[in-house]
Amino acid sequence: MVKRMTDTRGLLLVNTGNGKGKSTAAFGVAFRALGQGLTVSIIQFIKGKWKTGELRTAQRLGLELMPMGKGFTWESENIEEDKALMRQAWTVASEKILSGAYDLIILDELNYVLGYGYIPVTEVVRILQSRPPHVHVVLTGRNAPDEIISIADCVTEMRDIKHPYRSGIPAQKGIDF
Ligand code: ATP
Ligand code: MG
């Protein structure tokens, strides 16, 4: 029993909902995992236009963080280019997941990409289910699809009670990016 409790079992964790904190909670897990000697990769599907605080810290720590997007899609003028970028990001992510070389893989904002229909949910479910048993995966973004929720081990919904955006306060350096 004790033995079983200490065995590594790769979990699928989902941070979803409309409140703030989905990505930052995922980065918190990376921070914790690194301290335990786990190998970590963070793949960001949407952001990537600006040099974020998390990217600067990752570079300093030697933590793999790959901003694969080109900014937010609603700022985009080229949907086809976005779609290609995200498919490319998913190819990289799925190879990393299946390789077994990582203990923790964070797929930041993958839910948005699934929402746009750029990557089929069935394909993501298939890859997640075929991953090596030790691999933990964290998936973030609003509106996690039901297919993902049903195969997840841990699903947390961030509830939006108050957000500075609605008081006209713009995104703050170090807090939002
Ligand atoms: P964070 O990266 O701060 O943890 P998040 O991952 O939960 O936020 P996203 O949906 O990825 O949230 O949103 C990205 C950006 O939108 C962040 O800068 C965040 O501060 C902002 N944001 C998050 N929730 C809200 C909200 N309810 N209203 C307005 N802006 C929001
Ligand atoms: Mg986020």
Check: So which of 142, 131, 159 ends up being crowded, with 20+ Cβ neighbours inside 10 Å and either in contact with a strand residue (DSSP E or B) (Cβ under 9 Å, 6 or more places away or on another chain) or touching a residue at least 24 places away in the same chain (Cβ under 8 Å) (or both)?
Finding: 131
Next item on the list: Answer yes or no as to whether residue 152 is touching a residue at least 60 places away in the same chain (Cβ under 8 Å), within 16 Å of ligand 2 (Cβ to nearest atom) and among the small types (Gly, Ala, Ser).
Entry: no
Check: Mind checking which residues of region 6-57 are in contact with a helix residue (DSSP H, G or I) (Cβ under 7 Å, 6 or more places away or on another chain) and within 13 Å of ligand 1 (Cβ to nearest atom)?
Finding: 14, 15, 16, 27, 42, 45, 46, 54
Note to self: Looking only at residues that are modelled with pLDDT of 95 or more and small (Gly, Ala, Ser) in region 35-52, which one is nearest to ligand 2 (Cβ to nearest atom)?
What the structure shows: 41
Check: With (1) closer than 15 Å to residue 86 by Cα; (2) at pLDDT 95 or above; (3) surrounded by fewer than 21 Cβ atoms within 10 Å (Cβ to Cβ); (4) under 16 Å from the mean Cα position of the chain (by Cα) as the list, and residue 124 as the residue in question, which single condition is left unmet?
Finding: (3)
Next item on the list: Would you check if residue 100 is modelled with pLDDT of 95 or more, touching a Pro at 6+ places or on another chain (Cβ under 6 Å) and open to solvent by less than 40 Å² (accessible area, probe 1.4 Å)?
Entry: yes
Next item on the list: Any chance you could count how many residues in region 83-135 are over 20 Å from residue 27 (Cα atoms), in contact with a Phe, Trp or Tyr (Cβ under 8 Å, 6 or more places away or on another chain) and within 16 Å of ligand 1 (Cβ to nearest atom)?
Entry: 1
Next item on the list: Report yes if residue 118 is within 16 Å of ligand 2 (Cβ to nearest atom) and at pLDDT below 95, otherwise no.
Entry: no
Note to self: Here's a check for you: in region 155-177, which residue that is more than 16 Å from ligand 2 (Cβ to nearest atom) and in a helix (DSSP H, G or I) is nearest to residue 10 (Cα to Cα)?
What the structure shows: 166
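The values are calculated or read from the model by the stated rules, or taken from the named source; none is laboratory data. Only a predicted model underlies this, so the values are computations on that prediction, with no experimental measurement involved. Quick reminder, even Gly has a Cβ in these numbers, built from the backbone with ideal geometry, and neighbours come from all protein chains shown. All accessible areas refer to the heavy atoms of the entire protein, side chains included, with ligands and DNA or RNA removed. Shrake-Rupley method; radii C 1.70, N 1.55, O 1.52, S 1.80 Å.
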